[in-house]
Amino acid sequence: MKRTRAETDVSHRSISRRAALLGGAQLLFMGGLAARMQFLQVDQADQFRLLAEENRINVRLIPPSRGEVFDRNGVRLAQNAPSYRIVIVREDAGDIDATLARLSRIMTIEPETIDRVKDELRRSAPFLPVTIASDVTWEEISRVSVNAPALPGVTPEVGLSRVYPQGSDFAHVLGYVGPVSDYDLEKIEDPEPVLMIPRFQIGKVGVETKLEPLLRGKAGAKRVEVNASGRVMRELDRREGIPGSDLQLSIDAKLQGYVQARLDGESASAVVMDCDTGDLLACASAPTFDPNLFVRGISSKDYSTLTSNKYRPLASKTVQGVYPPGSTFKMITALAGLEAGIIGPDDTAYCPGHLTVSGRRFHCWKRAGHGWVDLETSLKRSCDVYYYDLAIKVGIENISAMARKFGLGIRHDVPMSAVAKGLAPTMDWKSQTYGQSWRVGDTVNVSIGQGFMLTSPMQLAVMTARIATGRSVEPRLVKSVNGVEEPSRAGEPIGVSEINMRRMRRAMYEVVNNRRGTAYGSRIIEETMRMAGKTGTSQVRNITAAERRAGVIRNEDLPWERRDHALFVNFAPYDNPKYAVAVIVEHGGGGSKAAAPVARDITLQALYDGPPPLEAYPSKDRERIAEQQERLRDMQPLVSVPGSDQA
């Protein structure tokens, strides 16, 4: 049927609209496509060019060089030495098993090492290098380099390894470094990327861990061009990291070496402190260990030997060990009585050899007693009964407050591991800890440094320095950081009557220099070097009434671990105190026999800055001391002081 003109016009208009819509859609599509092409090819060209380059350019972290550690005279204690290593990058290696198998035919790789590498590759990011072997020889480096085309992703590198040139002398102070562990990462809230590098080393104990942020520095980065197999072709650019800070410790390496040698064969510790500044000049625990073993990866056999040793060579006894201070605490009890006005220097007490308190008999170390004694005599002869009687009058709260004033029962701020707080007990402490009331007998025990009272060798050195100076001296281990001196810790006046302090110093002088003093055998003869001190013996077992009736077993007849601890504290010279010394010999017996001679030798070594003349010793000891000096000289490592011709 023929269409009318009107129908034809309607049909034409409909077709025109459709054509227009279709054309518009096509135009819109082409315009969008053109815009997208412009965006991709023009606006985002730089970004896509970078992405393309990243197929052949890798960015790798550059571990920072760790800060070095020096003694107070510039002697290196911890340094970085070049070390060759072989690393592998997972994303460049392809077939890990095949690559490691080929590598094991070129150099010796233990099966457990291969297992460790595979485990670290699985856990680490694909672009991070994993160390296969450290401290490899130049010959091994050469063989790996020659066979590079067959070892994709495997690269020889030159890195830095931690070395402790003084060996075991500073093990307990410096500590050591080791690979970052999962446990280490859990303790860090936002770990830096460099810590994620497998086998990256951080401080584990001692100064190395306590000052880790200072020593570690900041990582750098480098951009390297790699080929299709992942082999590094060239380095494009490098941004060096920030090296760690260099530290100068207050320790004197020569004195530290002497102290370690003098303590050899004992389970013991010694601290030497500068009375003026608080500087720790020596801080030694015996026996010790070689920290270099831990850096390289200590064997199970070596580690078992250390952990099974009853003398506990891994323990830093100077700050970690806590002991009853024994009679070295008597100065604190006496000062508490003097400051409270309860006793005067001429007041006397009678010692029949014991004191009965609440039906219990507390014995003096001298079974027959000391008779009538005043303050100076009680300290000189170390009478226990005098302090039993005094403590009952003074009370535990006053005694403990005085102990804290002199640095006991306080955790001192030194960057070493497991620094102990010790204990200066109070009534509330016993109630909260044991749910029991404080008893008078507890006070009597504390008066002579027994019972609940616990101190570390460092705290005893602090106490002695404060008695010597009348100031609240604090221990300082770090002398400077990057050459910038740390503040002195000389402290302010301690707030105790200077008259009472002089009385206490004089009584300590009599302990060493009076013929009836308990440390007379360890005196210094040289007038200008005379020292003042106090012996101490702390029991580690209870002596029963039955044993006393039968006769107390001598220390030397007991098993080692049941013998008394031997202690001695001193300062010198008496007229112008320079050094405070504290020595503890674990299970050494009497302080006058085991600890005082050690402390005297250490004090003289510090005063003379080297071996003292034999004339400084009593004449009866000189032949023995001469032999001892020769033996100890052979035991000490040679320490070269920068700027000096002497070793």
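The values are calculated or read from the model by the stated rules, or taken from the named source; none is laboratory data. Keep in mind the model is a prediction, meaning the values are calculated, not measured. Counting neighbours? That spans all protein chains shown, and the Cβs are built from the backbone with ideal geometry, glycine included.
The residues of the range 406-447 that are more than 24 Å from Tyr386 (Cβ to Cβ), among the hydrophobic types (A, V, I, L, M, F, W, C) and not in a loop (DSSP other than H, G, I, E, B) amount to a single one, Trp429.
For the range 261-274, taking the residues that are surrounded by fewer than 23 Cβ atoms within 10 Å (Cβ to Cβ) and touching a residue at least 40 places away in the same chain (Cβ under 8 Å), the one that is nearest to Val163 (Cα to Cα) is identified as Ala261. I'd like to check something: does the range 461-482 contain any residue that is among the aliphatic types (A, V, I, L, M) and more than 20 Å from Tyr579 (Cβ to Cβ)? Yes, there is a match, as at least one residue in the range 461-482 is among the aliphatic types (A, V, I, L, M) and more than 20 Å from Tyr579 (Cβ to Cβ). Scanning the range 460-493 for residues that are touching a strand residue (DSSP E or B) at 6+ places or on another chain (Cβ under 8 Å), assigned to a helix (DSSP H, G or I) and not β-branched (Val, Ile, Thr) returns Leu460, Ala461, Met463, Ala465, Ala468. Summed over the range 401-414, the residues that are of a type outside the set (A, V, I, L, M) and either buried (at least 20 other Cβ atoms within 10 Å of the Cβ) or within 15 Å of Thr328 (Cβ to Cβ) (or both) give a count of 5. Exactly one residue out of Ser447, Ser437 is farther than 26 Å from Arg471 by Cα, modelled with pLDDT of 95 or more, hydroxyl-bearing (Ser, Thr, Tyr) and not assigned by TED's automatic domain parsing to the domain that holds His172, and it is Ser437.
Considering (1) closer than 23 Å to Ser592 by Cα; (2) part of a strand (DSSP E or B), say which one Leu280 fails and leave the rest. Leu280 satisfies all of (1) closer than 23 Å to Ser592 by Cα; (2) part of a strand (DSSP E or B) except (1). Can you confirm whether Glu510 is acidic (Asp, Glu) and assigned to a loop (DSSP other than H, G, I, E, B)? Judged against the criteria, Glu510 is not a match.
When Gly521 is tested against (1) surrounded by fewer than 22 Cβ atoms within 10 Å (Cβ to Cβ); (2) among the small types (Gly, Ala, Ser); (3) at pLDDT below 95, exactly one condition is not met: (3). Taking the options Ser161, Ser181, name whichever one is more than 20 Å from Ser316 (Cβ to Cβ), among the small types (Gly, Ala, Ser) and buried (at least 19 other Cβ atoms within 10 Å of the Cβ). Going through Ser161, Ser181 in turn, just one is more than 20 Å from Ser316 (Cβ to Cβ), among the small types (Gly, Ala, Ser) and buried (at least 19 other Cβ atoms within 10 Å of the Cβ): Ser161. Only one entry in Leu335, Leu293 is without any contact (Cβ under 8 Å) to a residue 24 or more places away in the chain, over 16 Å from the mean Cα position of the chain (by Cα) and in the same structural domain as Met501 (by TED's automatic domain parsing), namely Leu293.
Please determine, by comparing only the residues of the range 114-158 that are surrounded by fewer than 15 Cβ atoms within 10 Å (Cβ to Cβ) and within 32 Å of the chain's Cα centre (by Cα), which one is farthest from Leu293 (Cα to Cα). Only one residue fits best here, namely Arg123.
Kindly check whether there is at least one residue in the range 82-96 that is of a type outside the set (Val, Ile, Thr), surrounded by 19 or more Cβ atoms within 10 Å (Cβ to Cβ), more than 30 Å from Leu214 (Cα to Cα) and touching a helix residue (DSSP H, G or I) at 6+ places or on another chain (Cβ under 9 Å). Yes: the range 82-96 contains one or more residues that are of a type outside the set (Val, Ile, Thr), surrounded by 19 or more Cβ atoms within 10 Å (Cβ to Cβ), more than 30 Å from Leu214 (Cα to Cα) and touching a helix residue (DSSP H, G or I) at 6+ places or on another chain (Cβ under 9 Å).
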